[in-house]
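Where a number appears in this text, it was derived from the coordinates with a stated rule and is not lab data. Just so it is clear, the model here is predicted, and its values are computed rather than measured. All Cβ positions, even for glycine, are placed from backbone atoms using ideal geometry, and neighbour counts span all protein chains on display.
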Amino acid sequence: MPERSPAKTTNSAAHSPLPIRRVDAIPVALPLKSPMKMSGITIAKAENLLVRIEAANGSVGWGEAASAPTMTGDTLGGLVAAVRDHLAPALIGQDAHNHPTLIPALHRALVGNPGAHSAIEMALLDLTCRADGRRLIDVVAAKPKRLTVRPMWLLGNATPDQDIAEAHAKQREGFHFFKLKIGVKPLADEIASTLAVRDALGPRVPLCADANGGLTLANAKRYIKRTRKAGLAFVEQPLPHDDLAGLKILARLRVPLGIDEGIHALADVTSNARAGAAGVSLKLIKLGGFSTACAAARLCQRLRLKVNVAAKIAESSVATAAAVHLACAVPNIDWGVSLTHFYLAEDIVRRPLTIHDHAVGLPTGTGLGVEVDEAAVARFRVK
């Protein structure tokens, strides 16, 4: 089990007890504006788990995790079962203020299942911070490193013209960092599309590419060599997550390589750095929550790795707010922030997070800083 550094908080003795009386695991299916095609999967709707934790005094905290069978192995049914049958029973009657002790105990009680653990920890932090009148970031960090983040936009259309049109539309909305989804079309088309998008956006707009582990070593080498003039900020997960030998070979091409699907524990950060990775993508659902994600960010700083903080396609503003808190807490986000509620046709919070002046601000309310619309949750609940 990876070492965890529980989120800091004041001693529970300084608070009135906050006994947990109810934990709900709520499966939802949220509609996307349009399907997102990635290597090995096309996502038409977001199947996510919501965790609702209620204290004896009526205070409520929310957490969220996306199902990710090709990334974490978490299916929607598995997420529900993990919370309902294993984690929730261990929390009933416990003082939520003891979450620094509760979180490691829960990881011992149920190994793996990082999405479920992340949603539980998120909900516990949201609950206790709301009860105490604090922002979540004030618990997970000594002080915010930043108050806004600049989100990137994913491009994954069938043709370069469609990608270019979408990129220009999103620039008008305030997005100025783009990620191309590759590994889904013939390699020649991927190369041509990358070069065309770069020409259309100009040399100064940050552009990267993400293969989601969908390239062979030969194709990854060819893609990197033939798109060199595009000046990609990084190429993310070009090879399967466990191909460290291939990663070492690609690193010799001197293009920054990012790792996403290969990062599930602190040891993965170190092993990929040794293999030549220049940076990593930190997702709460991969690392099991804030405690390990923050520890991973500190490790990245020590190893001089770039960091991208990301949410999975497509989380609601609940998990997006959590990603913003994480991104504002970690030492660096040189490779941007991926916020995925923007891809939803409908959200489950009363005021979804928005982009203003090219950035999304750190929520200012208590806890996560967003208010869940429980009627919307009921409407999208999977029966």
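A few comments on the model shown:
- Selection from 93, 253, 15 lying farthest towards where the dipole of the chain points positive, charges on Cβ: 253
- Antiparallel content of DSSP bridges confined to the chain, in %, to 5: 60 percent
- Projecting label points 7 angstrom from Cα along Cα→Cβ for residue 29 and residue 84 puts them 1.6 nm apart.
- Computing Rg and the Kirkwood Rh from the Cα coordinates of region 12-139 gives a ratio, Rg/Rh, of 1.02.
- In the structure shown, the pairs 185/283; 143/179; 181/286 are assessed against 22 Å; a Cα-Cα span above that value is assigned to 185/283; 143/179.
- ³J(HN,Hα) computed for each position of region 264-279 - Karplus, 6.51 cos²θ - 1.76 cosθ + 1.60, integer Hz, glycine/proline x: 10, 7, 4, 4, 5, 4, 5, 5, 6, 5, 5, 7, x, 4, 9, x
- Spacing of the modelled spin labels on residue 168 and residue 15, each 7 Å from Cα toward Cβ, amounts to 5.2 nm.
- The modelled label-to-label distance between residue 374 and residue 304, using points 7 Å beyond Cα along the C-beta direction, is 5.3 nm.
- The angle between the Cα long axis of helix 114-132 and the main principal axis of the chain comes to about 50°, on a 0 to 90 degree scale.
- Between 0 and 90°, nearest 10: helix 217-226 axis offset from the chain longest Cα axis: 70 degrees
- FRET E, pair residue 334, residue 196, Förster distance 30 Å, beta-carbon r, rounded to 0.05: 0.70
- Whole-Hz ³J(HN,Hα) from phi, Karplus 6.51 cos²θ - 1.76 cosθ + 1.60, for region 230-237, glycine and proline x: 6, x, 4, 4, 6, 10, 9, 6
- Top of 189, 74, 126 by mean-square fluctuation, Gaussian network on the chain, Cα under 10 Å: 189
- On Cα atoms only, tilt of 290-303 relative to the major axis of the chain in degrees: 40 degrees
- Full extension of the segment from residue 225 to residue 249, taken as 0.36 nm per residue of separation minus the current Cα-Cα distance, would add 7.3 nm.
- Listed residues 266, 282, 368, most fluctuating in the chain (Gaussian network, C-alpha, under 10 Å): 266
- Entry note, the chain: the mean residue ellipticity at 222 nm calculated from DSSP H runs of n ≥ 4, each adding -39500 (n - 2.57), is -10500 deg cm²/dmol after division by the residues and rounding to the nearest 500.
- Added length on full extension, which subtracts the Cα-Cα distance from 0.36 nm per residue, residue 359 to residue 147: 75.4 nm
- Largest GNM mean-square fluctuation among 183, 133, 174, using the chain with Cα springs under 10 Å: 133.
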